[in-house]
Amino acid sequence: MGHLWCVKKNNHTFFAEFRYLAKGKNFFEARTKDRYFNVPAQAETFLEYQTNSNKNISLSAYMVLVKYYNSDVFTNEFITGYGLRARVGQHFSLYFSQALEDKPNGVGFIKNEENDIVFGSRKVKELNNAITLNYAVNSSLNVNMRLRHYWITVDYNNQFTLKNNGDFMTNNFSINPDDYDDNFNQFNIDVLAKWQFAPASEVSLACKLGSNYYDAVVNSNYGTNLKRVLEENNSTTVSLKMTYFLDANILKKRR
């Protein structure tokens, strides 16, 4: 493993890391005790760049490249994301972030068939969008609101049997991989207000609204999925919490 980190005169930072992971075993996805599938060796490259966070507008971004070796099942993966922060005056700030994961070829558990463990090759895409608004009324009172949409699609292409040695082999089962496709959306709105009424003591009021949408249409577009999850019924949670710091030394002095 090796890495590089540097800071420019304008307080922009750049970070890079490279690491190699030897061939391993995954004991979780088979969902059967002592069964596993072989994970091929892989090389990961991580790159990150961040501008001066002390400025009114700042940007940070990262990228991860994953390359698999000697595998007929796994192919290269791509992960990226960025965040844009803007401050307006001394009281208000806005932060928008977006993260994308593209895994064009991996494997996942499908079902147990007779005495066999059946896996499928699959394409997974994840997209996470979030907007955070923060308003500081004064040094004691702060209000924060976060809107987040999470979207993931899992598209199965074919199926095969897991062998005892962790490799895969073809089978004659009449299983349609498309029956196991997933398209999941989650939308959340979180509002949190905090009032610090004494040192280390505060009252917080939180309100959480959320909705989920699920189907098996993996080729639908982003706008359609966002519209459908917003049309679903919301679940709402409201909580009130108070934290009070009690100084034991004051009690001792009063005795």
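Calculated on the Cα set of the stretch 136-175, radius of gyration then Dmax: 24.8, 68 Å. When the Cα positions of Trp195, Ser220, Thr237 are compared along the charge dipole of the stretch 162-255, Trp195 comes out farthest toward the positive end, with charges on each C-beta of Lys, Arg, Asp and Glu.
Solvent-accessible surface of the chain, averaged per residue with a 1.4 angstrom probe and all protein chains in place: 64 square angstrom. Restricting the calculation to Cα atoms, every distinct pair contributes to the Kirkwood radius of the chain, found to be 22.5 Å.
Placing Thr13, Thr237, Thr161, Thr170 in order of accessible area, with the largest value first and a 1.4 Å probe, yields Thr170, Thr237, Thr13, Thr161.
Cross-link partners for Lys163 among the lysines, with Cα-Cα distance under 29 Å and sequence neighbours closer than 8 places in the same chain left out: Lys23, Lys25, Lys33, Lys67, Lys103, Lys111, Lys123, Lys125. Kindly identify the stretch 140-255 as rounded, prolate or oblate by the Cα gyration tensor criterion: order the square roots of the eigenvalues as a ≥ b ≥ c, call it rounded if a/c is under 1.5, otherwise compare a/b with b/c, prolate if a/b is larger, else oblate. Oblate shape, in that a/c is at least 1.5 and b/c is the bigger or equal ratio.
Estimated purely from DSSP H runs of n ≥ 4, each contributing -39500 (n - 2.57), the mean residue ellipticity at 222 nm for the chain is -2000 deg cm²/dmol once divided by its residues.
Over the stretch 26-157, what is the mean sequence separation of C-alpha contacts under 8 Å (at least six apart), divided by residue count, expressed as relative contact order in percent? Across the stretch 26-157, relative contact order equals 17 percent. Here Lys241 is the anchor, and the lysines within straight C-alpha reach of less than 25 Å, apart from those fewer than 8 places off in the same chain, are Lys194, Lys208. The listed residues Arg19, Arg122, once ranked by accessible area (1.4 Å probe) with the largest placed first, stand as Arg19, Arg122. Cross-link partners for Lys55 among the lysines, with Cα-Cα distance under 17 Å and sequence neighbours closer than 8 places in the same chain left out: Lys8, Lys9. Under 13 Å from the Cβ of Glu202, count the other residues' Cβ atoms, weight Lys and Arg +1, Asp and Glu -1, and hand me the total. So the environment of Glu202 carries a net charge of +2. Ligands, DNA and RNA left out, the accessible area of the chain computed with a 1.4 Å probe is 53% carbon and sulfur. Sorted into 5 angstrom bins from 0, the C-alpha pair distances of the stretch 181-233 split as 4, 16, 20, 14, 10, 8, 7, 8, 6, 4, 1 percent.
Averaging the sequence gap over all C-alpha pairs within less than 8 Å and six or more residues apart, then dividing by the number of residues, gives the chain a relative contact order of 11 percent.
Against the longest alpha carbon principal axis of the chain, how many degrees, from 0 to 90 and to the nearest 10, is the axis of helix 222-231 turned? That works out to roughly 60 degrees. Protein-only accessible surface at a 1.4 angstrom probe places the residues Phe245, Phe46 in the order Phe245, Phe46, largest first.
For His3, the solvent-accessible surface computed with a 1.4 Å probe is close to 130 Å², ligands and nucleic acids excluded.
The values are calculated or read from the model by the stated rules, or taken from the named source; none is laboratory data. Note that the structure is predicted; figures quoted are calculated from it, not measured. Please note: Cβ atoms are built from the backbone with ideal geometry, for glycine as well, and neighbour counts cover all protein chains shown. For the accessible areas, the whole protein counts, side chains as well, though only heavy atoms, and no ligand, DNA or RNA atoms are used. Shrake-Rupley method; radii C 1.70, N 1.55, O 1.52, S 1.80 Å.
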